[in-house]
Amino acid sequence: MAASHYPFVVMGAGPAGLLLTSLLRQVVPKSIPIALINNNKIISTPTEKKIAGTTPDIRNYALSPASMNLVKQSGGNSGDGAWSRMLKKNAVSFYDKMQVWESSGTGIIHFDSTCLPSTSVDPVLGGVVEDRVLCAELAIDIVRGGGVDFLAPVNVSSIERGEEEEQGLTIEMDDGRAITAGLLFACDGANSFAKENATDIRTKKYPYNRKALICTVKVSESYPQQHSNIAFQRFFKNGPIALLPLHEHYRSIVWSTTEAEAQALTELEEDEFLNVLNDRLRTPPSPNDFPELSSGCEPPLLKRGLDAAQSLVKTIGTSLSLVGMNEGEGVYTRPPKLHGVVSPRFSLPLTLSFAEDYSTNDVVLVGDAAHTVHPMAGQGLNLGIGDVAKIIELVEEGVQTGQGMSSLGRVMETHYNRERKLQCAKVQGGIHLLHEIFSSDVNGFVHARGIGLGLVNMIAPAKRLIVQEAVGLK
């Protein structure tokens with residue numbers, strides 16, 4: 001029996017793979033079949049009508065405005081796509097403010113929706129969505145749209161390339177089925193089977209020797225409602241703690257730290273863990289937290305230099321005020337007190353990785369299969385959705401101009417490869433630089449870092465540039 005042929009095959013049904021499949025179906029003619037392969041069952045049944053009253057999934061994503069805009073396109077122009085349904089059930093927790101400060105000194109910076117372009121449709125910095133809800137709603141869009149074959153749950157056992165280019169790839173599965181693919185989109189994660197078995201692309205990995213401890217917590221119900229739309233992040237030497245809003249009085253914790261501390265935190269009793277969390281998160285910036293200057297670097301001279309720098313910052317702030325560019329020092333907002341842990345605590349190893357190429361002429365790497373980043377800026381899935389956006393742009397252009405599969409494959413190998421590698425490298429490099437800056441505990445550097453944060457916090461154009469780059473709207 002001949003293997004079924006699919007010009008487009010998506011391997012991996014995480015958020016990026018599901019979104020890619022949904023949008024492919026919208027831009028590719030219905031006569032062209034698409035297959036979606038996944039090793040687990042693809043859930044395509046509606047989640048709760050209302051999220052209120054449910055305990056949030058421990059896995060969730062902070063979507064940038066650019067990512068939210070792409071998710072809105074799933075389901076076409078029906079007005080009842082995945083995004084609309086999630087809004088109706090209050091499944092998106094928006095935040096329009098962010099407060100970032102560090103463990104030593106007075107360094108603090110505030111971001112808010114005024115940093116966004118004036119053309120922004122949604123004046124928010126991001127929206128947090130549970131993994132199970134996002135995946136289920138995207139799968140529903142795919143089922144409703146039709147024309148996509150779900151091959152799941154199944155494991156791919158081999159991927160072979162035909163001797164002739166037009167023969168494409170032969171994908172064999174452990175249930176005995178086999179299909180051929182013209183273009184395979186590898187959305188199957190950091191340990192991508194497709195990348196390892198269908199390409200010669202090498203991946204460079206740089207372990208941080210850190211882990212991200214993740215859990216869901218409940219906060220005091222008396223916490224002021226006007227502060228519920230703030231995302232908090234505090235930096236420590238071992239890594240930052242992020243507190244992200246979820247629905248009602250729930251919050252998501254992502255704590256990046258050493259492997260030893262992550263293990264110790266996981267083993268603490270709940271009350272002890274909450275005490276540590278509250279102490280770390282609810283301590284305001286203080287000049288008394290600066291470390292003592294070491295005797296080996298002439299403390300009086302160094303102190304005079306730092307005092308002069310601090311004075312210069314104040315002078316710059318005054319000057320900026322005169323031309324309307326000073327944002328002010330900002331007011332510290334104390335995060336809510338955490339009252340309970342409502343999920344297991346688990347930790348994931350943190351690694352910076354990037355594939356040397358993102359595409360061949362018949363295999364396209366998407367999301368974690370192409371790149372992984374430190375979670376401090378919440379850019380992991382957003383980078384993957386950026387990949388999806390570029391793929392859809394190129395496929396739609398190819399369909400409109402009548403490109404064949406071989407031609408489209410070459411476009412992916414050139415344009416997608418070049419553009420996404422450049423953009424992802426910029427983001428990865430920036431995040432890695434932040435990690436290195438905030439990991440240092442060299443005395444003078446800690447002081448200078450705090451002064452730098454305060455200076456950036458006062459310069460409105462600088463903050464707008466940072467925010468617009470981070471949310472993908474620049």
Tell me the label-point distance for the pair Thr258, Gln225, using the 7 Å Cα-to-Cβ offset, in nm and rounded to one decimal. 4.5 nm
Theoretical gain in end-to-end length, Ser157 to Ser286 [0.36 nm per residue, Cα-Cα removed]: 40.7 nm
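What Kirkwood radius, in Å to one decimal, follows from the Cα pairs of region 352-421?
Values: mean 1/r = 0.0803 Å⁻¹.
Radius from the Kirkwood sum: 12.5 Å.
If you rank Met405, Met376 by fewest surrounding Cβ atoms within 10 Å, what's the result?
On the way: Met405 19, Met376 22.
In increasing order of surrounding Cβ atoms, one gets Met405, Met376.
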By count of other Cβ within 10 Å, fewest leading, how are Leu213, Leu87 ordered? Leu87, Leu213
If you take the beta carbon distance between Ala178 and Lys30 as r and set R0 to 30 Å, what does 1/(1 + (r/R0)^6) give as a FRET efficiency, to the nearest 0.05? 0.80
Measure off 7 Å from each Cα along the Cα-to-Cβ vector at Asn40 and Val276, then give the distance between these two points in nanometres to one decimal. 2.7 nm
Debye log10 I(q)/I(0) at q = 0.17, 0.19 Å⁻¹ for region 146-280, Cα point scatterers: -0.92, -1.04
Euclidean distance between Cα centres, region 244-273 to region 408-422, Å: 39 Å
On each of the three principal axes the extent of the alpha-carbon atoms of region 18-162, given in whole Å and largest first, is 60, 38, 35
What is the distance, in nm, between label points placed 7 Å from the Cα along the Cα-to-Cβ direction at Ser84 and at Glu267? 5.3 nm
Among Val27, Val156, which comes first, second and so on when ranked by fewest other beta-carbon atoms within 10 Å? Val27, Val156
All-pairs Cα distance distribution in region 4-86, expressed in whole percent, bin size 10 Å: 14, 41, 36, 8, 1
Size of electric dipole in region 188-251: Cβ of Lys, Arg +1 and of Asp, Glu -1, about Cα centre, debye, nearest 20: 420 debye
Any chance you could run the full-extension gain for Glu396 through Thr114? It's 0.36 nm times the residue separation minus the Cα-Cα distance, nm to one decimal. 98.1 nm
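Values quoted throughout were computed directly from the atomic coordinates according to the rules given, and no laboratory measurement underlies them. Since we're looking at a predicted model, the values are computed, not measured. No Cβ is skipped: glycine too gets one built from the backbone with ideal geometry, and neighbour counts run over all protein chains shown.
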